[in-house]
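Here's the structure, in structure tokens; my notes come after.
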Amino acid sequence: MSIVESINKLWWHDGHLNEDQRDFLIKLLENHRPKHCIEVGFATGRSTITTLLAAKPEILVSIDIDLDYMGARSHAEDLLKKFNNLTIIEGDSSVIINHEFFNKYFSKGIDFAFIDGTHTYLGALSDIEKIYTQMKSGGIIVIDDYLSGPPNGCSIPDVDNAVYDFAASKKLKIDKWYCSGKGFAIIKT
């Protein structure tokens, strides 16, 4: 069975991450093979499944403010039963992500981060800043909804501006991926 077929067996019927994004992430994750992964924004678990099956990490911690979003709580519970390397935490990432959180889950640092949580400027910036401090050399941060718009995405200037400002403050290069209105910012550490 191919990786796409394996992912599709667990693909939630509704969600914002589409097949083009999934396919990009599969290639990125298969090439990078991160072992310590974090995700902000479980939503319906599409990026979670993609990360688990493409990277096969030692640990993936997913944080979401509301697991009932799009009716996916039962899906989150099913995934927790299926994957012993998955931890899902419900709550506000701006509160959850702190020194104690990193000590508990990422004492060895983070290899891969997928950020798709709050879409406010301050929320997105907070997630990026906090996670960046724990990234290993050679790590990758992917920020969803970057430079997105029609036909398949929606423009979220607060996310765009948070990425711009963070990258400028650290003098970082931002790689971009874009397909049919869906965009990612990619920051390599």
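The values are calculated or read from the model by the stated rules, or taken from the named source; none is laboratory data. Quantities reported herein were computed from a predicted structural model and do not represent experimental measurements. Glycine also receives a Cβ, built like all others from the backbone with ideal geometry; neighbour counts cover every protein chain displayed.
Of everything in segment 77-114 that is under 24 Å from residue 185 (Cα atoms) and of a type in the set (Ser, Thr, Tyr), the residue that is surrounded by the most Cβ atoms within 10 Å (Cβ to Cβ) is 93.
Residues in segment 1-11 that are over 16 Å from the mean Cα position of the chain (by Cα), outside any helix (DSSP H, G or I) and either of a type outside the set (Gly, Ala, Ser) or crowded, with 18+ Cβ neighbours inside 10 Å (or both): 2 in all.
Against the test of being over 22 Å from residue 31 (Cβ atoms), at pLDDT 95 or above and over 14 Å from the mean Cα position of the chain (by Cα), the options 79, 147 yield a single qualifying residue, 79. The set of residues from segment 120-167 being surrounded by fewer than 16 Cβ atoms within 10 Å (Cβ to Cβ), of a type in the set (Ser, Thr, Tyr) and under 19 Å from residue 35 (Cα atoms) comprises 133, 137.
From the list 176, 136, the one residue that fits, being at pLDDT 95 or above and either in a helix (DSSP H, G or I) or out of contact with any Lys or Arg (no Cβ under 9 Å at 6 or more places or on another chain) (or both), is 176. Scanning segment 151-189 for residues that are among the aromatic types (Phe, Trp, Tyr) and without any contact (Cβ under 8 Å) to a residue 12 or more places away in the chain returns a single hit, 164. Candidates in segment 48-72 are the residues that are assigned to a helix (DSSP H, G or I) and at pLDDT below 95; of these, the one that is nearest to residue 130 (Cα to Cα) is 69. Can you tell me which residues in segment 13-54 are touching a strand residue (DSSP E or B) at 6+ places or on another chain (Cβ under 9 Å), buried (at least 23 other Cβ atoms within 10 Å of the Cβ) and hydrophobic (A, V, I, L, M, F, W, C)? Listed by number, the residues that qualify are 17, 25, 29, 37, 38, 40, 42, 43, 52.
Restricting 155, 148, 74 to residues that are over 24 Å from residue 188 (Cβ atoms), among the hydroxyl-bearing types (Ser, Thr, Tyr) and touching a Gly at 6+ places or on another chain (Cβ under 6 Å) narrows the list to 155. Residues in segment 26-47 that are part of a helix (DSSP H, G or I) and closer than 21 Å to residue 72 by Cα: 46, 47.
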